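The values are calculated or read from the model by the stated rules, or taken from the named source; none is laboratory data. Quick caveat: nothing in here was measured; it's all calculated off a predicted structure. Note that we place each Cβ from the backbone using ideal geometry, even for glycine, and neighbour counts take in every protein chain shown.
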Amino acid sequence: MAIDLKELGSRLRRVRESRGYTQEEVAELLGIPRSSVVQIESGNRSVDSLELMKLSEAFGFDPKDLFADEFSEQRDSVTALFRAEPQAATDKKLIQAISKWSGLCRQFTSLEKLIGADRGLVPPVRYDMLEPRNKWEAIQQGTAVAEQERSRLKLGTGPLPELPEIIESQGVRVGLLPLDDSISGLFLADDNIGLTILVNSRHSDQRQLFSYAHEYCHLLFDRQKKGIVSRLENREDQTEARANSFAAVFLMPEGGIREFLSGVGKSQDVPTLQEVYDEEGGAVRAQRRGSSLPYGLQFYDVAHLAFYFGVSYESALWRLKSLQIISEEERGSLAQKQTAATAFRKVLVERFARHRDRFAKQESAFQHKLLSMALEAFRLGEISKSRLKEVASNADVSNGELNALLAGIEVEAASIGEEVRIPS
Amino acid sequence: MVDQSKLLDVCTDSCVLINFAHVSRLDLLGQMSDLVFHVPEEVINEISEPTQAKKLEAAIKDGTLHALKIVDVEELRLMAEYAAMFGKGESACLAVGVQRRWIIGTDETKDRRLSREIAARGIKVINTPGILLKSIRHGILSVEAADLIKAELETKKFKMSFNSFRELVE
């Protein structure tokens with residue numbers, strides 16, 4: 001059944017409220033008086049098409065949803081996120097960033113459906129475990145699932161510099177956006193935009209990698225919540241503790257850490273005293289000088305380990321402590337050498353630049369995919385050229401670049417002239 | 001005296017407007033005795049080249065063309081549906097074409113997606129060559145002048161499938 005003006009106005013009001021916008025702010029956004037917004041929301045004046053599309057872009061909702069028989073702003077993950085995170089709903093920059101990202105993801109999902117690329121997609125695995133009763137259980141769950149995921153994805157025990165690509169291969173859209181410093185990342189999940197992870201591009205590479213793993217954990221466990229913003233101040237929450245535990249174990253598996261330490265001669269498995277039976281009824285004894293720490297780990301070992309796994313020095317320290325490779329006292333002592341560790345890491349980074357370009361690539365990788373998807377949809381005749389141009393523009397592709405691509409697709413069509421079309 | 005009831009409305013997309021703005025002949029669209037050309041706001045926004053945008057603005061101001069604001073709920077719904085597959089201007093033209101049974105003015109009928117939708121919905125279309133031909137038939141434009149426009153548009157890679165309008169009027 002078609003909706004009327006009153007219902008359309010009411011739905012627009014609900015979307016506005018879910019984004020924490022006042023009528024004055026919407027009026028400013030649309031360049032109209034506040035009284036007009038009041039009239040639109042009460043059904044006394046229709047929103048026009050330009051205003052509707054502007055609102056859809058600013059608030060990151062699909063305008064199609066407004067006209068559905070049954071409308072619920074709750075179905076939309078962006079709304080769910082802001083409802084669950086009242087703090088986020090007051091942050092206009094965050095709203096804009098999320099709205100822009102969800103708009104790109106929606107275009108991606110829509111193109112995927114148009115060209116039939118969604119048919120072969122297997123939805124990412126989901127772990128339906130009981131809600132943890134306390135932080136201890138949360139950490140246990142995170143640890144167990146991290147090990148299981150490592151094994152399921154056949155990732156071995158080494159570092160995961162290509163983690164964003166690994167997550168993408170699981171059908172998750174990943175992106176980087178400049179967010180407030182207090183936010184490390186967020187996830188959104190609904191039918192329109194698919195599963196998506198956003199990480200704060202303002203954070204260091206190491207922190208970003210940790211955030212990717214952290215948000216991936218939320219998608220594995222907390223997808224039904226549709227969206228969560230991960231903030232430092234929430235780290236005591238059980239779901240956050242679980243995601244942090246997952247990230248630490250996923251990025252730095254115990255086996256990998258022990259192999260690494262063994263490789264640099266810092267293995268506890270090397271006994272300080274060895275006795276070798278010599279078949280003559282006696283034994284040859286060999287003794288190794290002990291160190292003040294069981295593993296003798298120095299700041300440069302930890303910095304090297306952190307660099308190897310692409311995580312922060314601090315994160316590596318906590319992981320070593322959780323594996324009981326170092327004690328709390330040792331962790332504290334090593335943490336005080338952060339400055340020296342940073343200097344050492346710089347040396348490593350300069351020598352081994354392999355991690356450097358990864359994140360720059362990631363930033364544009366999603367947009368490249370979006371463009372490829374749109375070109376394919378155009379080639380198959382599922383979207384018009386004009387729509388292709390819009391998608392390309394959203395993916396920051398210039399007209400010149402697009403025209404060069406189109407030249408390769410439209411060679412045949414361009415050679416045929418336009419016939420006369422007059423309505424009979 | 002023009003019989004208003006016999007006037008046909010055309011919802012015009014950007015490609016046609018760009019062509020006529022390029023040859024500085026948007027006035028032709030206002031001289032058709034049987035057609036009234038409307039331009040949705042989305043289409044106006046798509047014309048970004050400053051000189052063309054100014055010509056369009058002037059043509060709307062002097063009444064040659066009529067700016068169109070879409071506010072009807074069903075048209076808004078259609079536009080929202082079309083937005084995933086078509087550009088904003090095309091979506092507006094299609095929504096009006098479907099809902100009001102207006103003619104669409106477009107040169108993108110070789111676009112597979114657009115032509116499929118036009119055929120499925122039974123929408124009538126007029127294009128740049130069609131408008132030029134009608135102008136000749138209405139005595140607004142000579143064949144020679146139309147051919148000059150054709151030649152000028154061809155420099156901008158807009159080709160027509162015939163050599164001269166004379167082939168069509170004789």
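Rundown of residues vs (1) assigned to a loop (DSSP other than H, G, I, E, B); (2) small (Gly, Ala, Ser); (3) surrounded by fewer than 20 Cβ atoms within 10 Å (Cβ to Cβ), yes/no style:
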residue	(1), (2), (3)
B:Cys15	no, no, no
B:Gln52	no, no, yes
B:Ala59	no, yes, no
B:Glu75	no, no, no
B:Ala80	no, yes, no
B:Phe86	yes, no, no
B:Ser91	no, yes, no
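Taking segment A:144-243 as the region of interest, the strands (runs of 3 or more DSSP E) fully inside it that hold 1 or more residues being in contact (Cβ under 8 Å) with a residue 12 or more places away in the chain and aromatic (Phe, Trp, Tyr) are A:183-190.
Kindly indicate whether B:Val36 is within 14 Å of chain A (Cβ to nearest Cβ), hydrophobic (A, V, I, L, M, F, W, C) and in a strand (DSSP E or B). Criteria met by B:Val36. Number of residues in segment A:15-52 that are under 19 Å from B:Ala84 (Cβ atoms), within 9 Å of chain B (Cβ to nearest Cβ) and either crowded, with 21+ Cβ neighbours inside 10 Å or in contact (Cβ under 8 Å) with a residue 24 or more places away in the chain (or both): the value is 2. I'd like the full set of residues that are more than 23 Å from A:Ala306 (Cα to Cα), surrounded by 17 or more Cβ atoms within 10 Å (Cβ to Cβ), out of contact with any strand residue (DSSP E or B) (no Cβ under 8 Å at 6 or more places or on another chain) and at pLDDT 90 or above, limited to segment A:126-182. Residues satisfying the conditions are A:Ala138, A:Gln141. Taking the listed residues B:Ile140, B:Ile118, B:Ile104, the one that is in a helix (DSSP H, G or I) and either surrounded by 16 or more Cβ atoms within 10 Å (Cβ to Cβ) or free of Cβ contacts under 8 Å to residues at least 60 places away in the same chain (or both) is B:Ile118, with no other qualifying.
Considering only residues of segment A:4-55 that are basic (Lys, Arg) and within 29 Å of the chain's Cα centre (by Cα), which is modelled with the lowest pLDDT? Here the answer is A:Arg19.
Can you tell me which residue is nearest to B:Ala21 (Cα to Cα) among those in segment B:116-170 that are hydroxyl-bearing (Ser, Thr, Tyr) and facing another protein chain (nearest Cβ under 10 Å)? Within segment B:116-170, the match that is nearest to B:Ala21 (Cα to Cα) is B:Thr128.
A:Gly103 - would you say it is touching a Gly at 6+ places or on another chain (Cβ under 7 Å) and surrounded by fewer than 21 Cβ atoms within 10 Å (Cβ to Cβ)? Yes, satisfied. Assess whether B:Ser48 counts as being more than 22 Å from B:Leu94 (Cβ to Cβ), assigned to a loop (DSSP other than H, G, I, E, B) and not acidic (Asp, Glu). Here the answer is no, as B:Ser48 does not meet what is asked.
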